[in-house]
1. At q = 0.18, 0.20, 0.24 Å⁻¹, what is the log10 ratio I(q)/I(0) for segment 95-138, with the Debye formula run over Cα points and no solvent?
2. Report the dimensions of segment 296-409 along its three principal axes from the alpha-carbon atoms, largest first, rounded to Å.
3. Suppose the chain between residue 157 and residue 252 were pulled fully straight at 0.36 nm per residue; how much longer would it get relative to their current alpha carbon spacing?
4. Of the peptides 44-51, 142-149, 277-284, how do they stack up when ordered by the mean number of other Cβ atoms within 10 Å, highest first?
5. Can you compute log10 of I(q)/I(0) for segment 116-243 with the Debye formula, treating each Cα as one identical point scatterer, at q = 0.11, 0.16, 0.19 Å⁻¹?
6. What spacing in nm lies between the two simple spin-label points modelled at residue 305 and residue 4, each 7 Å away from Cα in the Cβ direction?
7. So how tilted is helix 391-409 from the main axis of the chain? Cα-based, degrees 0 to 90, rounded to 10.
8. Show that you can apply the helix-only estimate: for the chain, add -39,500 (n - 2.57) for every DSSP H stretch of four or more residues, divide by all residues, and state [θ] at 222 nm to the nearest 500.
Ligand SMILES: Nc1ncnc2c1ncn2[C@@H]1O[C@H](COP(=O)(O)OP(=O)(O)OP(=O)(O)O)[C@@H](O)[C@H]1O
Ligand SMILES: [Mg+2]
């Protein structure tokens with residue numbers, strides 16, 4: 001195929017994606033499943049801007065691990081509060097500054113000024129002088145502003161205590177002034193605040209809103225919202241979403257990171273497209289995991305060589321069942337049945353039931369398979385087995401090892 005044909009055929013090929021940009025990092029959704037309480041707490045804190053504008057300056061601190069929705073919650077809150085303010089005839093601006101990019105007092109004040117549309121030449125002015133211009137501007141145009149300082153820890157580290165003090169306690173110096181400037185500070189942990197002097201620290205930790213890592217069921221709802229917007233109907237099943245949610249869910253041993261979950265879904269979709277598949281399958285998610293966590297694949301391959309013949313055969317049975325069903329899990333009973341069939345095929349005597357379960361526990365302890373107890377939807381409770389890596393290459397490696405063991409045996 002010519003280069004032109006390759007490129008053109010890919011472009012013209014059907015895609016599972018309806019609107020991929022919904023899965024971009026910068027996308028801000030209409031609503032935030034499982035962050036309603038956080039939005040309500042923010043609304044409570046910043047309510048005086050609307051009910052008695054100018055009365056108090058509020059500082060809220062958002063804390064939580066990676067990918068738990070701190071940034072997006074601040075964005076959504078800002079967007080919504082601006083709308084409410086507008087209805088009430090109050091001119092509110094929302095400014096989001098990332099301190100990873102703007103780490104000095106100078107660059108932060110400049111970011112605020114620019115976001116407020118102040119196009120004066122700042123060169124030669126000190127941060128303090130710039131700040132006074134900003135405050136005067138807000139007064140003249142009767143503006144109120146919420147400034148989010150995202151990844152605030154970088155600012156603390158680089159700019160230090162005095163700069164933090166200057167920014168958030170600006171009104172200490174002008175006690176008579178109307179309070180038009182408010183802050184949302186975001187950081188992953190409280191640790192870095194320890195480097196501030198106690199007065200400053202206690203001032204910014206007055207209103208802390210904690211963001212917990214997401215549980216699998218919560219990630220499922222978040223993924224569902226994106227799925228419906230990003231993918232064509234019926235291309236991504238609930239089962240696929242559940243599988244991704246369980247990989248990341250905090251209650252399932254994951255990090256509870258929504259960003260990682262969304263990116264996993266995106267990757268699985270890209271792989272499905274690449275393979276020309278009409279649907280995103282569980283195997284596409286396994287491949288996405290394999291891409292993101294290459295070390296997992298390597299670890300598992302390394303561990304395979306320590307397995308005995310019958311452990312390998314049970315693993316092969318699991319893989320075969322997962323492949324033929326296309327599902328995320330195989331019931332332990334079905335895996336055992338397939339194992340017995342394989343034994344017949346390889347002309348070896350199957351191990352006893354209890355031994356088989358022992359082997360399965362061993363495979364789990366080595367991280368080669370995952371297990372969970374079935375919940376609703378299955379009659380009775382049974383152990384369900386899944387494999388975290390792509391099935392094809394795994395089966396190939398297992399086959400090689402089985403062949404080797406069989407030759408050694410004969
Ligand atoms: N409740 C939610 N509903 C919808 N999308 C969410 C929700 N929580 C997080 N997300 C999405 O997950 C991704 C990560 O969220 P966000 O960037 O807000 O995390 P963060 O807490 O700021 O992480 P970091 O500490 O790495 O900056 C974003 O794409 C965001 O839109
Ligand atoms: Mg963030």
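Computed from the coordinates by the stated procedures, all read-outs in this text should not be read as laboratory data. What you see is a predicted model, and the numbers here were worked out from it, not measured in a lab. Note that each Cβ is placed from the backbone with ideal geometry, even for glycine, and that neighbours are counted across all protein chains shown.
1. Log10 of I(q)/I(0), two decimals: -0.46, -0.56, -0.81.
2. Sorted largest first, the three principal extents are 45, 31, 24 Å.
3. 30.8 nm
4. 142-149, 277-284, 44-51
5. -0.61, -0.89, -1.08
6. With each label point 7 Å from Cα toward Cβ, the separation is 5.1 nm.
7. Taking the Cα atoms of the chain, the angle to 391-409 is about 40 degrees.
8. Details: 18 runs with 225 residues, N = 410.
Result for the chain, helices only: -17000 deg cm²/dmol.
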